[in-house]
Amino acid sequence: MTRWLVFMAVLLTGATGCEYLDVQSVPFVGAVRLNPIYGPLTVRTAVGENEIPEAGRFDTAVYTATDLQNAELLLVDGPADAATRVMHIRMFWKSAAGRTPFDPSATNAAVRYITFTGDDVTIYGGGGLMSPRGTMGEGNLSVLLENATLRMMDASSGVDVDASEPIVAEGTFSARLDQQQMRELRHKIQQRVNEKLGYSRVVWEAPSSTEPFGG
């Protein structure tokens, strides 16, 4: 809660030294620029809060926007045809700094987290609170994701479903506007998911609009 209040205060005041750094000056982890104040995107177990090593590390982060309230983000670790981890976020409305009441259970985004291990795939899903900084559809977007609690939705036959436990994704990252790469990544990853499951399963949350703008 404390981090959220600090984040909201930063958005309101733009205090020097506390605001989101310009995306060109923030350090990289792969292609994802990190905000050093709030920490990078991480994935941890919901029970025991043990961070899963490397689980929040991605090489590519792209997004598209259908309007100023709706956005789709895709984070991929590794090339699409050999990715080890994928996170997909669909934001349905934009939280307003100073006007959106704080609620630790509030969500405005659907989140999918996909892991590929050998011949297997595991799909987690749930919701979280996404707070973007920047004008959607006009270049890079800095994002704070909070309280995204995800549970296993599906898995291939080799995954021990009984051993699964909820995970939590939260932290900051930056994504660049790229409609073409978004389409290509989605297509390739969807193909891999279907191949490993042995049947067709759409893993992307449906958009509220189909016409992207900007970029």
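The values are calculated or read from the model by the stated rules, or taken from the named source; none is laboratory data. Just so it is clear, the structure is predicted and the values come from calculations on it, not from any experiment. Note: ideal-geometry Cβ built from the backbone for every residue, glycine included; neighbour counts use all protein chains shown.
Of the residues Leu141, Leu197, which is within 24 Å of Gln69 (Cα to Cα) and surrounded by 13 or more Cβ atoms within 10 Å (Cβ to Cβ)? Talk me through it step by step, then tell me what you get.
Values: Leu197 fails: within 24 Å of Gln69 (Cα to Cα).
On inspection, the qualifying residue turns out to be Leu141.
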Report summary line: If we ask which residues in the stretch 160-190 are in contact with a Leu (Cβ under 8 Å, 6 or more places away or on another chain) and either at positive phi or free of Cβ contacts under 8 Å to residues at least 12 places away in the same chain (or both), their number turns out to be 1
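Let's see how each residue does on (1) β-branched (Val, Ile, Thr); (2) modelled with pLDDT under 95; (3) surrounded by fewer than 16 Cβ atoms within 10 Å (Cβ to Cβ); (4) part of a strand (DSSP E or B):
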| residue | (1), (2), (3), (4) |
| --- | --- |
| Glu54 | no, yes, yes, no |
| Phe58 | no, yes, no, no |
| Gln69 | no, yes, yes, no |
| Leu73 | no, no, no, yes |
| Trp93 | no, yes, yes, no |
Requested in this report: Return only the number of the condition from (1) part of a loop (DSSP other than H, G, I, E, B); (2) of a type in the set (A, V, I, L, M, F, W, C); (3) touching a residue at least 60 places away in the same chain (Cβ under 8 Å) that Val202 does not satisfy.
Outcome: (3)
Report task. Kindly state which strands (runs of 3 or more DSSP E) lie completely within the stretch 119-188 and contain at least 2 residues that are under 13 Å from Val62 (Cα atoms). Result -> 141-155, 167-177
Report summary line: Restricting attention to the stretch 158-189, the residues that are closer than 13 Å to Arg112 by Cα and surrounded by fewer than 17 Cβ atoms within 10 Å (Cβ to Cβ) number exactly 1
Query - For Gly127: the one exception among (1) more than 23 Å from Leu68 (Cβ to Cβ); (2) free of Cβ contacts under 8 Å to residues at least 40 places away in the same chain; (3) surrounded by fewer than 21 Cβ atoms within 10 Å (Cβ to Cβ) - result: (1)
